[in-house]
1. May I ask you to verify whether Ala57 is touching a Ser or Thr at 6+ places or on another chain (Cβ under 9 Å) and modelled with pLDDT of 85 or more?
2. Which condition does Phe262 not pass, out of (1) loosely packed, with under 15 Cβ neighbours inside 10 Å; (2) in contact with a helix residue (DSSP H, G or I) (Cβ under 8 Å, 6 or more places away or on another chain), if it passes all the others?
3. Quick one: count up the residues across segment 265-282 that are surrounded by 16 or more Cβ atoms within 10 Å (Cβ to Cβ), of a type in the set (Asp, Glu) and within 41 Å of the chain's Cα centre (by Cα).
4. How many residues, within segment 124-174, are open to solvent by less than 70 Å² (accessible area, probe 1.4 Å), of a type in the set (D, E, K, R) and part of a helix (DSSP H, G or I)?
5. Go through (1) of a type outside the set (S, T, N, Q); (2) touching a Cys at 6+ places or on another chain (Cβ under 7 Å); (3) not in a helix (DSSP H, G or I) and name the single condition Ala199 misses.
6. Quick one: Thr188 ticks every box in (1) surrounded by 11 or more Cβ atoms within 10 Å (Cβ to Cβ); (2) without any contact (Cβ under 8 Å) to a residue 60 or more places away in the chain; (3) β-branched (Val, Ile, Thr) bar one, so which box is it?
7. Which residues, counting only those in segment 283-320, are of a type in the set (D, E, K, R), assigned to a loop (DSSP other than H, G, I, E, B) and open to solvent by less than 20 Å² (accessible area, probe 1.4 Å)?
8. Assuming Ile111 fulfils every condition listed in (1) in a helix (DSSP H, G or I); (2) at pLDDT below 95 apart from one, which condition is it?
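The values are calculated or read from the model by the stated rules, or taken from the named source; none is laboratory data. The shown structure was predicted, so the numbers you read here are calculated from the model rather than taken from an experiment. Please note: Cβ atoms are built from the backbone with ideal geometry, for glycine as well, and neighbour counts cover all protein chains shown. Remember, those area values only see protein heavy atoms, side chains included, never the ligands or the DNA or RNA. Shrake-Rupley method; radii C 1.70, N 1.55, O 1.52, S 1.80 Å.
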Amino acid sequence: TQSTWGLWMSTKPSKPREEWEDLPFFMDELPPNPESDPRTAALMSLLYDPDEDPNEAATRFKEKGNECILQVTKGAAELAKLQSTDEQGFKTVVLSKNPLSDAYAFYTQGIDLNPPDVKLLAILYCNRAQASLLKGNNGHAFNDSRKAIELDETNIKAYYRGAQALFNLGKAKESLKLCDMGLKVQSTNTTIIKLREQANELYKTQQARLNEKYKKQAQELATTRAMKKRGIKYDPEEWLFDNMRQYEVKIFLDTKTDLLHFSVLLLYGEYHQSDFIEDWTENVTLREMLEYVFDPTNPPQWDTKQQYKPNKLRVYVDDAESVTREKDGTGLSVRGFVSCNLDCTLGQVLAHPSVKVFGMPALHVVPANSKFERENFLSDAGVVTSSCSSS
């Protein structure tokens, strides 16, 4: 024979599944704000009779929350056990579609009852912290863990969950401190010991990065002061040419030798070629660098006329004022240049009053007395405004 319930279920009006799920009795999960829905609030009130002992009611909310958490933290076997049926054929636990949100809601209901049992209230806060941790709400998890510890200093799980939340937030130092507080309560807790090891490694990494940051800032400050002392004007944001940004430029002061080091770009405009000098110390002369770059035993393939020989070259640097005027559109189309004596050091060239480093030093290298030099550096197309001597 079919039970009355079975008959009713077989003859119930045909409604779309969505409509049935809107009815509180058939809901698989709680709405976001169950207390704001009169139907859901009425159903939830069945879990708590105002005349009932608050501790017992809060315990029931805690257990309902725990069932939801189990859906997330346990494996298939445990889930199958949760879905077992009783003698009447009803499921002992109805699985939720949104277990973490439901768990949070159940724990909150228990907390709102403010049960007199302080340890129970601490557990509710601690368990709600677990729900927040699993949802990735680490800030909420830490706040609830802290509240649980304030209520019950022996709640070891609260220390772990609070420390885990801080660790997830990247607050390694604070996580270490909370781990140490927990180990004072239970020194053999392996879960907290393992978390402390992880937090300690993160703290070491963070400290190393911080030290590197401070070291870099100190070096940048020392470099800036050294260039200012030498009269070198430097703008790290503006570049002579946009394609110069592709290079990994290094400009720094070696505090041991008190020498500035520069990455430098040598430009060979006639052939649209260039050389990137990664590290050029300020006390090395132009001639010394050109002799190194243009080794007669290994001449560049693009120098088909064999004009680029150290003793037959001239070096020019862009005049800073003409560059600035060209960039802001207030200058003439004529670019000015500073002619450099090859016996000048790089530091002397960069300290010239008409020179400014835009991003990194760029030196134009051309064959002396060549047509290219006459047309681009010595004629109306390029006016030499001053010269740089080694004296």
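1. Numbers: touching a Ser or Thr at 6+ places or on another chain (Cβ under 9 Å): no; modelled with pLDDT of 85 or more: yes.
Taking the combined requirement at face value, the residue does not satisfy it.
2. (1)
3. Count: 1.
4. Of the residues in that region, 3 qualify.
5. Failed condition: (3).
6. (1)
7. As a first pass, look at segment 283-320 and keep what is of a type in the set (D, E, K, R): 287-288, 291, 295, 303, 305, 309, 312, 314, 318-319.
Narrowing further to those that are assigned to a loop (DSSP other than H, G, I, E, B): 295, 303, 305, 309, 319.
Result: Asp303, Asp319.
8. Looking at each condition in turn, Ile111 falls short on (2).
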